[in-house]
Each structure stands twice: as C-alpha cells, then as structure tokens.
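Laboratory data are not the source of any read-out in this text; all were calculated from the coordinates shown. Remember, predicted model here, so these are calculated numbers, not experimental data. Cβ atoms come from the backbone with ideal geometry, glycine included; neighbour counts cover every protein chain shown.
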C-alpha cells in the first residue's frame, strides 16, 4: 500500500525540522546460542546451572568487548551481538567474524562437571534501522543471522554473502551452497568460516591534515596533459577526455591542469554536469555564466542581475552580438527575456542559444590561453553536450585546452578535423603506486608495513577508497586496521567508504544534522539554502563546512562571496544520504522543494529537474509530474527535444504513484502527447517510437475524450502510417483527423489536418485532388494568419503543403507552375526562425529535381538539406537529403561509392520500417545501376519497386517503373507493350509528365514517322533535363497530343 508522504504544514516558516527519531546504520549482526542447552541445564544442580550461565555471559562479554562489539540483548541461551552499532566501525564485518571464531574457543573452555559448551553462530551484514526512542532494531540482517544460526552445525560460524565479500581476504571459507531458509523464497547463500588467514596489528593513530597536493601513479597521464597544455598555450588547441570509474582520480588530474592555468595566468572555465539536471538545457553552463558575471547572490535584484550579465557578455562580444546573446541566454541565466520565445522556431532558438554560448567561450581565447574543464560529461544535458562538441570542433585553431571528464566514452565524437580527441583512460593503481598513495596520505601518521599492505590489498587500487580508508584508520582512536572492500548493501557506495563516513559522522554528532541536510541538496549546494534548512544553526553552517572540509567530507571553501559548497566526492555525499531513513529523507526533500519554489529561476539550485526530483523524493508525485510537464513544454519551445523527452520519461516513471484514476489518466495523456511532440522533433514521424507513444496516448485518454485532445493523437498516427507506407490506414486516419479538426473549431488544427491530407491524397488518391487540398490549405492559412499560430508539430503546415506542390504541378504537366511553386516554397521558409522548415523544403525540392532529371540542381538542394539538418540534428531530413544527393550523383555518371551509400541507406530505411517513397528510391537506385552498366541489377531493383508499391498501394511511381523496365528490355515488342501500359496508367492517374515520357519513348522505340521520332527525341531531352523548358504554358499537353496523333497514324493502339 502507498504510504502518505510526510508534509510540512508550514513550509515557509524558519523553524528547524524535527530531530530524526531513527537512523540507518551499516552494521553486522551476530546471533549465537548454546547447542543442547536444555539437556545440559537439566543435568545440573541449579547452583551449577547458574554458575554456568554466568560464566557463559562473562565469556561472551569479554570476547565481544575485546573485538569492539556490543551485546544488544540476551536471548535465552544465546545473544544478539552487533558490530557497527551503537558505535560506527569501519571494520564491522571483519571484527564480527573474528569475534565469532573467538567465541567458539572461549565458550568451549568453560566447564561445569562433564558439560562442555558448544555454539552455533550466524553472522549477516547490511542496513539496520534503529528506533532512537524505543531503542529497538529492525532490518533484514537480523533475520538472516537468525536463519544462518540454525544452519550452522555445532562449533561452526556461518556467514552470509555480504559478510564474506566484505571480510574475504582475512579468512578461509567453505561454500555451503544455497540453503533453504524460512522467509527467504530463494534460500540463503551460506559460508562456513574455517579459520583466520592473517593476524593484523593494531595501533593508536595520530590525527593529521592531508595536503592532497601530490598525485601518485599518474606520471604518464600528467605528462600527456602537460604537453597538451603547452601546445594549447602556443596556439594549437587540444581536446582531452579523461575517462574512468568513480573514484579513479579524474577530477584530481583535471585540477592539476587547473593549477597550471592559474600559474600561467590563463583564463579558466569550469562546467560541472550533474545527474539531477540532465534534462535542463545548458544548466551547468548557466551556473558558470552566473558565477563569472557575479550573479550568485540570491538577494541581488533582477534588474541588477541583468546589468551584471550584460556587462560580462559585453566584455567579450560586440554590441550587436551581446544583444542577441542576452536575449537567447536569458532562460539560461535565470533572467526575464525581452522577446517571446514562441516567436522563434524551437530548433532555431536552440541553435542560436548554442551559438551564443560558443561565441562567448571562443571570445575568451582572444584574451589569452583558456582552460575549459567540463566535469562529468556523462551527466550532461543534450544541449550542453552539443555546445561542448561544437566548441571541440574548433579548438585546433585556438589557444584553448578543452578537458572533459567522464565515466564512459562520450557517445558523440570530440575533437576537430585533423586533431582528434586525446583519451586518457584511468584504471586502478598498481600495488606499488597504491602503497605510495597510502603513505602519502598518512604522512605524519604511524602506519606499519603490515597495515599498509593490508589497506592496499583490500582497496583494489581505487584512489578514492585508498585515501578514505587510510584517513579512517588514522583518525580512529581504537582501530588500526583497514576495512574490507566491496559494494555497499544499500547502494552504489562501497561499503568501506560507507563505514568510514558513518564513523566520521559519529565523531561530529553535533554537526550531523547539517551534513545530512546538505546531502539532500546534492553534491554541490547553496550554503544559504542549507542555512534555511537548519535555521537554528544558520550562523554556523559555513564554519561547519570549513571544519569538516579539513576532515575530508567537503572540499575546502573557495571565495567567501560565492554561495556554494561541495562534498569532496559524489560517493561521500551518497554515503551521508544513505544514513537517513525514508521518512526523514522525505521530510527534508519536501522542505527543500518548498524553499525552491520561492526562489525558482533565481538560483543555481532551482532548475526544474532539481525541483521535480525533490518533489518526487518527498512523495509529492503529482506536483513533480506537473513540474516535469511544464519543463518539457518549455524545452520544446527552445528546440531541446532530447531534454523535453527526458522530462516526460522521468514523469512517466512515477505516474502510477498518482492514485486518483481520473487525474492519473489526464496526466498520463498530457505526458504522452508531449513526449510525442519531442520524439517527432528528434526522429520524424517515421520513427516507430512516435507511433507507439501516440497509440499509448490514445489508450490512456479513454472512450470519452474531446476532439481537441484526440486530434494530436490521430494526426501523429496519420503521419506515421503514411510515412511507414500503410497508405490505406493513413488515408482513413487522415479523414478522421480532418473531422476532429472541424469539431474542435481551432483553425490551427484545421490547417494542419489539411496539410497532412494533401500527402494522403498525393500517395493514395489523385494528383488533381491533391492540388485542390493544397490550394484549400494555403487559402485557410492565409485567411487565419497561420504564420502566427502554434501547431502540435515541429514544422509549419504551409511548408508541408508547399513542399509537395512543385511535384504535383510537374506531374500534372505544368513546368512553369512547378518552378513558381519552388520559388514560393523557398520564399516561405526564408525566415531566420525556420531552419526545420528549410531542411524540409530543400529535401522535397531535391526530390522533384531528381524526378525532372535535373541532377545538378537536385544535388544542390539535397546538400543544403543535409547541411541544415546536420547542424540542427534533424535526423529525417538529413537521411533524405543524403540519399537523394547520392542518387543524383549516381544518375549523372558511374559513381560506385555513391551508389553503394545510396543502396545501404535504402536498405537501412527499409529495416527501420520507412515505406513511403520506397518505390521512388528503388527507381532512383535502378537508374544509378543502369548508368553504371549493371542492367541486371537495375532490373531486379525495378521488380522490388513493383513489389513494394503493391504492398503499400503506393502506385504513383508505377508508370515511371514501367518506362524504366522498358528501357532495360531489348525486345522491341515487349518494350512497346510496357510503354503502352505506362501510357495507359499515366492517363488514369492524370500524370501528363509521365504520359508524355511514355508516349515519346514509345514513338522512338517503334520507329514511327521521322518527324514524330524527332519530336519524341527532343521531348525526352527536355524531360531528361538536357534542355530548357519551352516558354508556352501547356507545352507538355500539346506535345502529348501530337505524339498521340502520330501513334494513332501508325495504327499503334494505345
């Protein structure tokens, strides 16, 4: 059952949250009991029995005390013993196992007459919840230890897998396999502890301060970075990616270069990406901008912040560039924008924003060398990643060193032409380097050689864990051992590090609430926001951070004027966070969310991602979903489709937490519609995931739904079916969409529905009907002021209608109208905020030019579509432009490479389920193979095109296919028959251009009257783009009539 979240009744008040009444501990539980105790005590005199019981408890207490444990309670003839509670221990699993073995020996030494005591012992490690009021314990390890105790034979210690993993190098074990256990459906993996393998010395460690200045074991990597920095300063820029798992020292290496840049008086820019802002476009860039401009003080008035931003940007850019940058960067800077974002096409706005960011960073290099560090690129939002990639392409000609750190190789290429990215992959340190690192950290502390070796063996070469374990050993007043390594049972934090952090928190109990509240804010946080979380300690928060920075929990504070602080590592923050129980976490997250609402868009900590995440963690799910939905709508308007999809995905993951059925359905529907818009912007309507999400939205909205809600769904599914080659279904859905648009009464829906119907009629009905719908669509667009309306799609519907008009006019036999339509279409998209529409239009113009056999013009338009699409990430138009360019190249002259690329692209489209225009693409391929002299292959492709056309019912290319087949047929009679069929089909379709080509080819092929043959040959030259078109309007129709008369004269039946 869903539990209600803890809510703060008055979130605005400045009272401290209630002190936690419970806590989580990573502890090890030991359960033991005496074998055959009932029989033993039954045979003893009561006085002897009492003495034996006292001796048993005394022995247990002594052993447990010697090993640093705590007897929680006596349970009949046994006990529950804890290690790691009430005092945190970094070696709890190992100490518990040692104590277990010692108990076996100690208890066996107790004698009372003939009675010899033997124990069964079960040990388990994991998270234990402690009720601080009732002093009670809850947790799976308690139950596991009890079950393992029953599995144990007399005089045996049996442990679980977690304990074995944590203490593995200190003991020998015997695998007992998976044993049945009450309450555990899959049983328990059990291990018998056979004996110790080593004895570890203990000592009293001294406290110390770690300088942190020495980097151990990374000499080669530092040398490579030094060369890159030297060359970058000299004018040959470099891109270096430092790759490695968490804790491997990526940031430490990057910081070394930061220090070099400071030494050399070079400019330094740091962009820190975080997992909680990966759906907030350019959020980490905005953080840097605000810091660099001095805008971090929350109390600064908005007007002053705007002045600071303008001064900073103006110091780097020209006046006109500054004005544009201020306008597009306003959302990134948390400022009000002077213009309406809706006035710009989303893709154009995104491109302008990225360009402005790159311009500012590029301008830095004009002042001198620049070091640009992008930390944790694996967490970057898509727009930030694109900006970094864009800058990376240019660095070779600038005095800049771009360093990115990432846990994995970036999905996109970094580096510029001729200057590829230099990758530095970090792995675990060698044993010798690990020893050096431990001794470096322990400088001033007494570590024996045995202890150093033990730490190195257990920490497996991970620098962060080596450092933290060594610190923990040296800071402990009762412990001189290192602790076991392995994954935490509660999350991604290594258990050794978790235990170290818990131990450190215990030593600073008076500051524990501050540190835990900070962990809820994230690895990096606002000090002023933390002070609002714990107002009773507000005056001392900075001092607490300073103090604990000296002990490794936080990074040393920087400039006091900067309202920021950071945990020293992500895993340290996570370890602190995991000490909070669920209800306490929810209360803290709820408090943060309410505070953030009051400062949203005015703070580095108030991104939509952050706010939604805090609301989610507070179990305020509906509010979290609403924040994600609003953020997705905003990011779509900014052309950030990846981030918009991310917001929808994040919200859909928690939609089932909304229990009210009607509200659940409404929110789910809105999220799916919004996700469909984002997916369309990224992949186009042909992507299967687009159709899938619209189908899901249709299912979610239920039976009773308004036309206004249903239209975007049917519109999306219509386009998907058409592009997929399911023309009958697409045409039917198009009619339904038209009806819904009329019912809605919204002009933007009516215009958009008509634009889609133009395509449905072109591919499934007739050319004349298609032209009629194009004219109606454009008329309504003009009448309703369509350029000022918003549509549920990335493109303008008039662009869609105008894109196919040249093809329709050409096929209907009006070449002049086709040329006029091309000019009209280019004029319509010739606006600074219509990049998506420009790519759309150029791709379709490339297509009609290929149909007209004007191959050079086709390539020119196709390459424009490719260039625009590549710059903005328009996948659909990039592929279309690329394919048409290669088809046109192959049609001009033999071009094996272009032909192969075109063929591979066609096959890839077929694999992805793109069916529309399949027969046209195959026809283009066939023509390319014919030019290359591969007639047999060309004939096979023509047959494939017929099959695809039959499957999709897309017959508009069949006349062209028959003509091409005739060209490949050597038998004159057979070729003439094919051309007759092509002429008949073209007449049926109303395609004068195809009919004219068929008639001209037929006259030439059958050898009619010489004058007619000459007319046929000149006509084919015109249709093949070898001559300019005649000036008269109806030249195609007139020539067709003349050729028909010649054919009739020759008694050739058509």
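In whole percent, what relative contact order does the stretch 22-196 give with Cα contacts below 8 Å and a gap of six or more residues?
25 percent
Checking a compactness column here: for the stretch 962-1054, what do you get for Rg(Cα) / (2.2 N^0.38 Å), N being the number of residues?
Ratio of Rg to 2.2 N^0.38 Å for the stretch 962-1054: 0.99.
Using packing as a proxy for protection, rank 931-941, 780-790 so that the peptide with the highest average count of other Cβ atoms within 10 Å comes first. Don't skip to the end; give the middle numbers.
Values: 931-941: 16.2, 780-790: 14.0.
In decreasing order of mean packing, 931-941, 780-790 become 931-941, 780-790.
Determine the calculated [θ] at 222 nm for the chain from helices alone, applying -39500 (n - 2.57) to every DSSP H run no shorter than 4 residues and normalising by the residue count; nearest 500 deg cm²/dmol.
-19000 deg cm²/dmol
Kindly rank 547-556, 525-534, 179-188 from highest to lowest mean number of other beta carbons found within 10 Å of each residue.
My ranking of the peptides, most packed first, is 525-534, 547-556, 179-188.
For the pair residue 310 and residue 131, what calculated FRET efficiency results from E = 1/(1 + (r/R0)^6), where r is the Cβ-Cβ distance and R0 = 60 Å, to the nearest 0.05?
Numbers: r = 56 Å, r/R0 = 0.94.
For residue 131 and residue 310, the calculated efficiency is 0.60.
Rounded to two decimals, what is the ratio between the C-alpha radius of gyration of the chain and 2.2 N^0.38 Å?
After normalising by residue count via 2.2 N^0.38 Å, the value is 1.20.
Could you check the spin-label model distance between residue 819 and residue 729? Points 7 Å from the Cα along Cα→Cβ, value in nm.
4.3 nm
If you rank 970, 842, 683, 238 by fewest surrounding Cβ atoms within 10 Å, what's the result?
970, 683, 238, 842
Pairs of Cα atoms under 8 Å, at least six residues apart: use those to get the relative contact order of the chain, whole percent. Spell out each step's value before the answer.
Working: 1872 pairs, mean separation 93.1, N = 1054.
About 9 percent, as a whole number.
I want the antiparallel fraction of DSSP beta bridges within the stretch 219-425, as a percent rounded to 5.
The antiparallel proportion sits near 10 percent.
Measure nothing fancy, just the Cα-based angle from helix 688-701's long axis to the longest principal axis of the chain, in degrees from 0 to 90, nearest 10.
It works out to around 70 degrees.
Between residue 58 and residue 768, how many nm apart are label points set 7 Å from Cα along the C-beta direction?
11.5 nm
Is the stretch 607-686 best put as rounded, prolate or oblate by its Cα gyration tensor, with a ≥ b ≥ c the root eigenvalues, rounded for a/c under 1.5, and otherwise prolate when a/b is larger than b/c, oblate when not?
Numbers: a/c = 2.60, a/b = 1.45, b/c = 1.79.
Verdict is oblate for the stretch 607-686.
So what is the orientation-averaged projected area of the stretch 22-196, using the convex hull of its C-alpha atoms, in nm²?
The number I arrive at for the stretch 22-196 is 10.2 nm².
Can you tell me the 0 to 90 degree angle between the C-alpha axis of helix 621-637 and the longest principal axis of the chain, rounded to 10?
40 degrees
Averaging sequence separations of C-alpha pairs under 8 Å and six or more residues apart, then dividing by the length of the stretch 956-1054, give the relative contact order as a whole percent. Let's see the in-between values first.
On the way: 113 pairs, mean separation 23.9, N = 99.
So the answer I get is 24 percent.
Kindly work out what percent of the DSSP beta bridges joining two residues of the chain are antiparallel, to the nearest 5.
DSSP beta bridges in the chain are roughly 65 percent antiparallel.
For the residues 381, 422, what sequence is obtained by ranking on other C-beta atoms within 10 Å, fewest first?
In increasing order of surrounding Cβ atoms, one gets 422, 381.
Specify the angular offset, from 0 to 90 degrees and rounded to the nearest 10, of the alpha carbon long axis of helix 992-1006 from the longest principal axis of the alpha carbons in the chain.
Orientation of helix 992-1006: about 60 degrees from the principal axis.
Which of rounded, prolate or oblate describes the stretch 890-955 when judged by the alpha-carbon gyration tensor and an a/c cut-off of 1.5?
oblate
Using the per-residue mean of other Cβ atoms lying within 10 Å as a proxy for protection, in what order, highest first, do the peptides 428-434, 123-129 fall?
So the order, starting with the most tightly packed, is 123-129, 428-434.
Could you tell me the center-to-center distance, by alpha carbons, between the stretch 572-601 and the stretch 94-139 in angstrom?
Their Cα centres are 37 Å away from one another.
Rank these for me by crowding, 659, 965, going from fewest to most other beta carbons within 10 Å.
The order, fewest Cβ neighbours first, is 659, 965.
State the percent of C-alpha pairs, over all pairs in the stretch 219-425, separated by a distance greater than 21 angstrom.
Value for the stretch 219-425: 52 percent of Cα pairs lie more than 21 Å apart.
Apply the a/c threshold of 1.5 to the C-alpha gyration tensor of the stretch 241-318 and tell me whether it is rounded, prolate or oblate.
Working: a/c = 2.59, a/b = 1.51, b/c = 1.72.
Oblate, because a/c is 1.5 or more while a/b does not exceed b/c.
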